[in-house]
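Q: Mind having a look at this structure? Questions to follow.
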There are 2 protein chains.
Amino acid sequence: MAKFNQIPLRESDRIEVELRRLILTLELEPGLAISEASLMKQYNLGRTPLREAFQRLAEQSLLQIIPHHGVVVTPLNVFEFVEVMDAMSMVIGSAAVLACKHMTQTQLDKLDELVKEGTSASAAGDFVRVAELDYEFHRELADATGNRYLRDYLLHLHRIATRFNFAAWKRDRNSTPSLEEHRQLAALFRQRDVDQVKTAMREHIENARTRLMGSLSNSD
Amino acid sequence: MAKFNQIPLRESDRIEVELRRLILTLELEPGLAISEASLMKQYNLGRTPLREAFQRLAEQSLLQIIPHHGVVVTPLNVFEFVEVMDAMSMVIGSAAVLACKHMTQTQLDKLDELVKEGTSASAAGDFVRVAELDYEFHRELADATGNRYLRDYLLHLHRIATRFNFAAWKRDRNSTPSLEEHRQLAALFRQRDVDQVKTAMREHIENARTRLMGSLSNSD
DNA sequence: TATATGCATATTGTATACCAAATGTATATT
DNA sequence: AATATACATTTGGTATACAATATGCATATA
């Protein structure tokens, strides 16, 4: 009788999540060639769930499958970064307006909580956690837009951008997402100040762009 | 020495393309449950390429994989349609501006050619072909933006919308994409009239929205 | 040297058999 | 009617074998 109540976790889901984590944090280096055999041994998996995870991650632009050649972690380059941020800039304004209008009390509280957690994670120098919370912050925002397609797009772009965030941080430990801006944004959302939210959100993105461009443009 | 020269076509690619075609044209009815076994026999395939195609199509929101239950063609409902069109509206203006600025002579010619082909396809009552050409038109536009992420997003949204186009057409044979608007747009692109292109493109989307809403809102 | 050719090898792509896990349905029980 | 149980079906995953293709290396040719 139980119908989709508790989703069983497939092996392919587990490895997908794990690989995505490794890719986003750059623990799997951009451009790295991945072989099925090594991952099969390393994670004690069969080929089926592994290959299915590959398909999904490739569809998410995190892997590239070159037929009969192999799987490669999608490389990073500055041009791609510019395109992601350009794309983000085009929609973040509309997204912020929608989110501001629809955001629930619960979501507002969640934003505050994320900022608080982020502050301590930042103080502890836990960049991985900071990046996670940054993602969660933007997820609340994306959810609040109430538009599924916009939501998925925003989070897709954010994930792509995350890799550049890590790349910048690895070169310059001072290059971290701005907690202060998140705090400010959370406050503006609570005030339901649509115009200010829109402006602040656009600035937030542009600040992230310039901050990362500085760290990324050292060679490469 | 030959390196990635001619991409070999995998079975999983062939079935992915075929299934996508069937889904977009509604030959595979929204909500339909698909069984591996039947498709394996019907297309004389093994499970592996079939299941990998499923993964990719699910990632494209065209299929839904419910673990241990089955694969379902993603259902259609009016609310989803509204969300797609809202999402499209948010980016189509920026996209049009970029495309207008970057469009090459070759692409301008291609637009004219697509309009011409569309006219004859429409005269012949070949709706499938009209829909194909509509997609190609928007693909040229999306390509011309020069932003990969924006491009992929636009085409993703267009594909989702395509299913609603077919749904509307099946209820009302007079509900077809406006060739005249495409013709007008092609002319404006050629004139490099950014402002007019932007306005016309927005109207094009809104017209499509209202046209389809009329056909879709009869029950369901 | 440079290029071309052919073969051996490794890896991916596909097919198949088998088992485990979950679901849906039918039946039985209260 | 509602709940519980048993069974059949389907998918998820493993293991294995084989086919198809790419790569590397050795050799041959200019």
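Q: Considering the alpha-carbon set of segment B:94-220 alone, what are its Rg and its Dmax in angstrom?
A: For segment B:94-220, the Cα radius of gyration and maximum Cα-Cα distance read 14.3, 45 Å.
Q: A further question on this structure: Compute the helix-to-body angle for B:11-24: its Cα long axis versus the longest principal axis of chain B, expressed 0 to 90° and rounded to tens.
A: Relative to chain B, helix B:11-24 is tipped by roughly 60 degrees.
Q: Just to verify a number: what accessible area does residue B:9 come out at with the full protein assembly present, 1.4 Å probe, Å² rounded to tens?
A: Its heavy atoms expose roughly 130 Å² to the probe.
Q: So who's got an amide H within less than 5 Å of the one on residue A:28, skipping anything under 5 residues away but keeping other chains? H placed 1.01 Å off N, in plane.
A: Answer set, sorted by chain and number: A:23.
Q: In the protein assembly as shown, how many lysine pairs have Cα atoms under 30 Å apart, counting only pairs 8 or more places apart or on different chains?
A: So the count works out to 22.
Q: Please label the shape of segment B:11-73 as rounded, prolate or oblate, based on the square roots a ≥ b ≥ c of the eigenvalues of the alpha-carbon gyration tensor (a/c under 1.5 means rounded; beyond that, a/b larger than b/c means prolate, else oblate).
A: Since a/c stays below 1.5, the shape of segment B:11-73 is classed as rounded.
Q: Tell me, which residues of segment B:139-153 get at least 10 Å² less accessible area when the other protein chains come in, versus the chain alone (1.4 Å probe)?
A: In segment B:139-153, residues shielded by partner chains: B:146, B:147, B:148, B:149, B:150, B:153.
Q: Also, quick follow-up: Quick one: label points 7 angstrom along Cα→Cβ at residue B:69, distances to the other copies in nm, smallest first?
A: Inter-copy label distances (nm, one decimal, shortest first): 4.0.
Q: Under the rule a/c < 1.5 gives rounded, and otherwise a/b versus b/c splits prolate from oblate, where does segment A:102-160 land using the Cα gyration tensor?
A: oblate
Q: Let me ask something else about it. Please work out the FRET efficiency for the pair residue A:89 and residue B:155, using the Cβ-Cβ distance as r and a Förster radius of 25 Å; give the result to the nearest 0.05.
A: The pair residue A:89/residue B:155 has a calculated efficiency of 0.80.
Q: Just to confirm the number: angle between the C-alpha axis of helix A:194-216 and the first principal axis of chain A, 0 to 90 degrees, nearest 10?
A: 50
Q: Counting only heavy atoms of the protein chains, get the accessible area per residue of chain A (1.4 Å probe) and round it to a whole Å² value.
A: On a per-residue basis, 49 Å².
Q: Compute and list, largest first, the equivalent-ellipsoid semi-axes of chain A from the alpha carbon gyration tensor, each √(5λ) rounded to a whole angstrom.
A: For chain A, the semi-axes come out at 31, 22, 16 Å.
Q: Now, a different point. Quick one: check the C-alpha center-to-center distance for segment A:10-26 versus segment B:111-126, whole angstrom.
A: Using only Cα atoms, the two centres lie 46 Å from each other.
Q: First compute the accessible area of chain B with a 1.4 Å probe, then give the percent of it belonging to carbon and sulfur atoms.
A: On chain B, the fraction of accessible area on carbon and sulfur atoms equals 51 percent.
Q: I've got another one for you. Return a whole-number percent for the relative contact order of chain B, with Cα pairs under 8 Å and 6 or more residues apart as the contact set.
A: 23
Q: Same structure, new question: Using the basic label-point model (7 angstrom from Cα toward the beta carbon), what is the residue B:61 to residue B:120 distance in nanometres?
A: Result for the modelled spin labels: 3.5 nm.
Q: Give me the summed buried accessible area for the B-A pair, 1.4 Å probe, to the nearest 100 Å².
A: Roughly 3200 Å² of accessible surface disappears when B and A pair.
Q: For residue A:100, tell me the accessible area in Å² from a 1.4 Å probe, rounded to the nearest 10.
A: Looks like 0 Å² after rounding.
Q: Still on this structure, please answer the following. What gaps in nm, shortest first, separate residue B:17 from its twins in the other copies when you place the label 7 Å past Cα toward the beta carbon?
A: 3.6
Q: Would you calculate a helix-derived [θ] at 222 nm for chain A, using -39,500 (n - 2.57) for each DSSP H run of n ≥ 4 and dividing by the full residue count, to the nearest 500?
A: That comes out to -24000 deg cm²/dmol.
Q: Can you give me the distance in nm between label points at residue A:202 and residue A:104, each placed 7 Å from the Cα along the Cα-to-Cβ direction?
A: That separation, rounded to one decimal, is 3.1 nm.
Q: Compute the Rg to Rh ratio over the protein assembly as shown from the alpha carbon atoms, using the Kirkwood formula for Rh, and round to two decimal places.
A: Here the Rg-to-Rh quotient is 0.96.
Q: Taking Cα centroids, how far is segment B:191-220 from segment A:153-174 in Å?
A: With segment B:191-220 and segment A:153-174 each reduced to a Cα centre, they are spaced 36 Å.
Q: Between residue B:112 and residue B:10, what length comes free when the chain is fully extended (0.36 nm per residue of separation minus the Cα-Cα distance, one decimal in nm)?
A: 33.3 nm
Q: Taking chain B as the reference, fit the longest principal axis to its C-alpha atoms, fit the long axis of helix B:127-144 to the helix C-alpha atoms, and give the angle between the two in degrees, 0 to 90, nearest 10.
A: On a 0 to 90 degree scale, this one is about 70.
The values are calculated or read from the model by the stated rules, or taken from the named source; none is laboratory data. Just so it is clear, the model here is predicted, and its values are computed rather than measured. Methodologically, a virtual Cβ is constructed for each residue, glycine included, from the backbone with ideal geometry; neighbour enumeration extends over all protein chains shown. Heads up: the accessible areas ignore ligands, DNA and RNA and are worked out on the full protein's heavy atoms, side chains in. Shrake-Rupley method; radii C 1.70, N 1.55, O 1.52, S 1.80 Å.
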